[in-house]
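Take a look at the structure set out below.
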Amino acid sequence: MKIHVFATILALFPFTRTEDIAKEFGISVGTVKHMAKVCRVKKDESFRSEINRRNGQIYARKAAKRRKRREKRAVKLWNEGASREEIAMKMRISKYTVYKYLKSTNNNQ
């Protein structure tokens with residue numbers, strides 16, 4: 001690898017996704033990370049906070065979807081005649097959570 005390519009990669013590293021750098025230069029992500037580690041180059045703090053914010057938003061959306069699915073399953077079991085205790089045991093959640101799920105679906109209907 002030429003020295004100017006090496007320097008370019010290290011200059012891009014603090015402000016660019018590692019995957020994008022690797023793809024652009026045709027090297028592995030591990031190689032890019034190793035180069036940065038050897039040269040003690042780290043991601044910029046504002047860049048990291050932006051990435052963490054995006055990742056948090058993604059996690060929150062996925063968590064909301066999971067909660068909706070669990071809520072629907074609890075209601076389905078309730079409609080099939082299962083008690084709150086049985087639903088809690090089958091879904092491995094607390095009885096209070098089952099109560100909240102059933103209460104929220106009654107309010108929405």
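The values are calculated or read from the model by the stated rules, or taken from the named source; none is laboratory data. The shown structure was predicted, so the numbers you read here are calculated from the model rather than taken from an experiment. Neighbour counts run over all protein chains shown; Cβ positions are idealised from the backbone, glycine included.
Could you tell me which residue of region 48-73 is nearest to residue 17 (Cα to Cα), considering only residues that are among the hydrophobic types (A, V, I, L, M, F, W, C) and modelled with pLDDT of 95 or more?
So the first thing to find is which residues in region 48-73 are among the hydrophobic types (A, V, I, L, M, F, W, C), and the list is 51, 58, 60, 63-64.
Subset that is modelled with pLDDT of 95 or more: 58, 60, 63-64.
Numbers: 58: 17, 60: 22, 63: 25, 64: 27 Å.
Restricting to residues being among the hydrophobic types (A, V, I, L, M, F, W, C) and modelled with pLDDT of 95 or more, the top hit is 58.
Residue 14 passes all but one of (1) surrounded by 12 or more Cβ atoms within 10 Å (Cβ to Cβ); (2) at pLDDT below 95; which number fails?
Unmet condition: (2).
I'd like the full set of residues that are within 12 Å of residue 98 (Cα to Cα) and of a type outside the set (Phe, Trp, Tyr), limited to region 45-84.
Just the residues of region 45-84 that are within 12 Å of residue 98 (Cα to Cα), to begin with: 67, 70-78, 82-84.
Selection gives 67, 70, 71, 72, 73, 74, 75, 76, 77, 82, 83, 84.
Restricting region 20-39 to residues that are assigned to a helix (DSSP H, G or I) and not hydrophobic (A, V, I, L, M, F, W, C), which is nearest to residue 101 (Cα to Cα)? Full working, then the answer.
From region 20-39, those assigned to a helix (DSSP H, G or I) are 20-25, 29-38; that's our starting set.
In the following step, the residues that additionally are not hydrophobic (A, V, I, L, M, F, W, C) were identified as 20, 23-24, 30-31, 33-34, 37.
Values: 20: 42, 23: 45, 24: 48, 30: 44, 31: 48, 33: 45, 34: 48, 37: 48 Å.
Checking each candidate, the answer is 20.
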